[in-house]
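**Student:** The structure is given below, and queries will be raised subsequently.
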Amino acid sequence: MTASDIAATPAGGTVIGVSRLDEHVLLADAGLAMAMVAGGAERLVDLRGETTPPRLPIPIDHFPLIDLEPGQDDLILRAATHVAELAAAGITVGVYCQAGISRTSTVAIGYLLVNGAQLGAARDAVRAARPQAMPALSLWRSLEHIAAVLANPGPANPAPANPGPANPGHAGGSHGA
């Protein structure tokens, strides 16, 4: 266990298995969603495409990514932009997928890209915070495309609009389609 695997809770304790990327972004797996809340998350972002968000007493935004599937650039960028907007508003957000490895790290890297980081530096920052972070190859290819679009926006590389999550802010277990 490393210091990056522990997030300070408001009471000064620790939550094992939750990684803090920065002041406003926590990363974990689905089983630790409430642990992220204990670690200070005010909102959660569920990235699992294979299921709907759980019934928890906190707003959960759903961006249904499918692990190992290519061509999800727009959804990844929307999720990353959403996390960036929440963080910029001072909201601490917990990001998770089933295992907290591939989709979680993909959106975390995307979040750093949206905030101006270069792809390699973003990957390194996420790996430093969460050593097990490893986007699946198809998701990494999406990140490469997103990095190119963000670096060179224009007619050849239009940045998609951010219509928000599939399930915006539904607390208490409401689920998106």
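**Student:** Could you give me the residue pairs with C-beta distances under 7 Å whose first residue belongs to segment 54-69 and is surrounded by fewer than 20 Cβ atoms within 10 Å (Cβ to Cβ), whose second residue is hydroxyl-bearing (Ser, Thr, Tyr) wherever it lies, and which are 6+ apart or on separate chains?
**Tutor:** Close Cβ pairs (under 7 Å, with a partner that is hydroxyl-bearing (Ser, Thr, Tyr)) amount to 68/138; 69/138.
**Student:** Ok, one more. Please verify whether residue 150 is assigned to a helix (DSSP H, G or I), touching a Phe, Trp or Tyr at 6+ places or on another chain (Cβ under 8 Å) and either of a type in the set (Lys, Arg) or surrounded by fewer than 24 Cβ atoms within 10 Å (Cβ to Cβ) (or both), treating the condition exactly as stated.
**Tutor:** No: the conditions fail for residue 150.
**Student:** Based on this model, can you work out whether residue 26 counts as at pLDDT 95 or above and either assigned to a strand (DSSP E or B) or within 22 Å of residue 123 (Cα to Cα) (or both)?
**Tutor:** Judged against the criteria, residue 26 is a match.
**Student:** Shifting gears a bit: Restricting attention to segment 116-139, report how many residues are of a type outside the set (D, E, K, R) and touching a Ser or Thr at 6+ places or on another chain (Cβ under 9 Å).
**Tutor:** 10
**Student:** Looking at this structure, is residue 91 under 23 Å from residue 129 (Cα atoms), more than 13 Å from the chain's Cα centre (by Cα) and assigned to a loop (DSSP other than H, G, I, E, B)?
**Tutor:** When the stated conditions are applied, residue 91 passes them.
**Student:** Within segment 85-99, can you find the residues that are surrounded by fewer than 24 Cβ atoms within 10 Å (Cβ to Cβ) and under 20 Å from residue 67 (Cα atoms)?
**Tutor:** 98, 99 - these are the residues of segment 85-99 that are surrounded by fewer than 24 Cβ atoms within 10 Å (Cβ to Cβ) and under 20 Å from residue 67 (Cα atoms).
**Student:** Same structure again: Given the condition among the aliphatic types (A, V, I, L, M), touching a helix residue (DSSP H, G or I) at 6+ places or on another chain (Cβ under 6 Å) and either in a strand (DSSP E or B) or under 22 Å from residue 150 (Cβ atoms) (or both), answer yes or no: does some residue in segment 61-76 qualify?
**Tutor:** Looking for residues that are among the aliphatic types (A, V, I, L, M), touching a helix residue (DSSP H, G or I) at 6+ places or on another chain (Cβ under 6 Å) and either in a strand (DSSP E or B) or under 22 Å from residue 150 (Cβ atoms) (or both), one finds at least one in segment 61-76, hence yes.
**Student:** Something else about it: Scan segment 104-127 and tell me whether some residue there is in contact with a strand residue (DSSP E or B) (Cβ under 7 Å, 6 or more places away or on another chain), under 25 Å from residue 16 (Cβ atoms) and of a type in the set (D, E, K, R).
**Tutor:** Within segment 104-127, not a single residue is in contact with a strand residue (DSSP E or B) (Cβ under 7 Å, 6 or more places away or on another chain), under 25 Å from residue 16 (Cβ atoms) and of a type in the set (D, E, K, R).
**Student:** With the requirement that a residue be at pLDDT below 95 and either basic (Lys, Arg) or surrounded by 23 or more Cβ atoms within 10 Å (Cβ to Cβ) (or both), what does segment 37-53 give you?
**Tutor:** 39, 53
**Student:** Only residues that are of a type in the set (Gly, Ala, Ser), in contact (Cβ under 8 Å) with a residue 12 or more places away in the chain and more than 10 Å from residue 105 (Cα to Cα): list them for segment 130-149, please.
**Tutor:** Answer for segment 130-149, where residues must be of a type in the set (Gly, Ala, Ser), in contact (Cβ under 8 Å) with a residue 12 or more places away in the chain and more than 10 Å from residue 105 (Cα to Cα): 138, 142, 147.
The values are calculated or read from the model by the stated rules, or taken from the named source; none is laboratory data. The structure displayed is predicted, hence computed values, not measured ones. Please note: Cβ atoms are built from the backbone with ideal geometry, for glycine as well, and neighbour counts cover all protein chains shown.
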